[in-house]
Amino acid sequence: MNLRQIKYFLAVVDSGTFLSAAELVHVSQPTLSAGIKKLEESLGVQLLYRGSREATLTVDGEFFLKHARQAYEKLELAKSKLSNCREKISIGIINTIPVEFGAGIIRAYKNIAPAVLLEVDVGGAAYLADLFASEKIDLLFTTELGLEANFTPLFDERLKLVASNQHSLARFESIDIKSLKEHAFIERARCESWAEVHGIFERYDLSLYAVCRAESDETILSLVSANLGVAIMPERNTPYPVKFIQIKQLNVSRTVGIYTQPNNKSESLKSFCEVALDVYKKTPPILLREVC
């Protein structure tokens, strides 16, 4: 006997026929009939008379109904309360960071806290910052955004030039910034470090010709691998046929870490941050994709 079988039984009692009951609980009539038959077999009694037009209760069915309805309602209430009481952490991951970086932390955390539900939302910096400010997410995995909240740094990423393996610059390990002058450029939209990068370009009187603009790293790498142009982004371990090249005059890095709500004293949230620090202490970000 299980909760589903009791649900089928009550549906027949309430609707009067097996067909109507099947429609009520959104299963086929044979499935419902089989469920009730198994219920009767487990109890060792017949609960229903199967008439041509309607199903009616036997004497045993009348007796069982009183207890079944009460038990079903109590169990459904307990199920609802347990679901609502289940501990949950809502996580935001900025879309300029590969999701696998966050996935590495999540996997490590689930190993020690399998019962905690983790909700993940990926989006732009402004979108996630708004969710964080309105306390709709507990934790924000991002670059440093200047939010008024607790920020735990995890690692630094240095920006490099990325070019297709077919590109003429791919034969170099490092280049002078002026070497970019004659090459098509793919701009990284809403990059947190773009103002600093643009300032360096201006210092060297360098105006790049942008042929494309994209926000996600995946899109940037896809466009670069198609040899549509070069881009500037943090180095990634990627299956795309591209090469990351150091620009001698470009010494720009960004700090990636975790924002947490200042008033959230959850032990689970504290534990999540500790796991994150441990993951990145043991595994350099550039290798994390291989680990995941």
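The values are calculated or read from the model by the stated rules, or taken from the named source; none is laboratory data. What you are looking at is a predicted structure, and each value in this text was computed from that prediction instead of being measured. No Cβ is skipped: glycine too gets one built from the backbone with ideal geometry, and neighbour counts run over all protein chains shown.
Things to note:
- VAL224 falls short on exactly one of the conditions (1) part of a helix (DSSP H, G or I); (2) surrounded by fewer than 20 Cβ atoms within 10 Å (Cβ to Cβ), and that condition is (2).
- Boolean, PRO153 is in a loop (DSSP other than H, G, I, E, B) and within 25 Å of LYS281 (Cα to Cα): no
- Only a single item in (1) over 22 Å from the mean Cα position of the chain (by Cα); (2) at negative phi; (3) of a type outside the set (Val, Ile, Thr) is not met by ASP138, and it is number (1).
- Qualifying residue in segment 102-123 (condition: in contact (Cβ under 8 Å) with a residue 60 or more places away in the chain, within 30 Å of SER253 (Cβ to Cβ) and loosely packed, with under 11 Cβ neighbours inside 10 Å): no
- Residues being in a loop (DSSP other than H, G, I, E, B) and either within 16 Å of SER193 (Cα to Cα) or modelled with pLDDT of 95 or more (or both) - total across segment 241-251: 4
- Which numbered condition LEU140 fails, given (1) surrounded by fewer than 20 Cβ atoms within 10 Å (Cβ to Cβ); (2) modelled with pLDDT of 90 or more; (3) outside the structural domain of PRO234 (by TED's automatic domain parsing): (1)
- Taking residues in segment 181-197 that are assigned by TED's automatic domain parsing to the domain that holds LEU228, and partners anywhere that are at pLDDT below 85 and assigned to a helix (DSSP H, G or I), the pairs with Cβ atoms closer than 7 Å and at least 6 places apart or on different chains are ARG188/TRP194; ARG190/ALA125; GLU192/ALA125.
- Residues that are modelled with pLDDT of 80 or more and among the charged types (D, E, K, R) were ranked within segment 74-96; the one that is surrounded by the most Cβ atoms within 10 Å (Cβ to Cβ) is LYS88.
- Segment 169-178, subset out of contact with any Ser or Thr (no Cβ under 9 Å at 6 or more places or on another chain) and under 15 Å from PHE244 (Cβ atoms), residue surrounded by the fewest Cβ atoms within 10 Å (Cβ to Cβ): GLU173
- Helices (runs of 4 or more DSSP H) wholly inside segment 1-91 that include at least 1 residues being under 30 Å from GLU119 (Cα atoms) and acidic (Asp, Glu): 59-85
- If you filter segment 114-137 down to residues that are small (Gly, Ala, Ser) and in a helix (DSSP H, G or I), you find that the one that is farthest from PRO98 (Cα to Cα) is ALA133.
- Residue match in segment 140-162 (condition: closer than 24 Å to LYS248 by Cβ and without any contact (Cβ under 8 Å) to a residue 24 or more places away in the chain): no
- ALA125 meets the conditions (1) at pLDDT below 80; (2) under 24 Å from SER193 (Cα atoms); (3) touching a strand residue (DSSP E or B) at 6+ places or on another chain (Cβ under 7 Å) in every case but one. The failed one is (1).
- Given (1) buried (at least 18 other Cβ atoms within 10 Å of the Cβ); (2) of a type in the set (S, T, N, Q); (3) over 28 Å from the mean Cα position of the chain (by Cα), index of the condition THR260 fails: (3)
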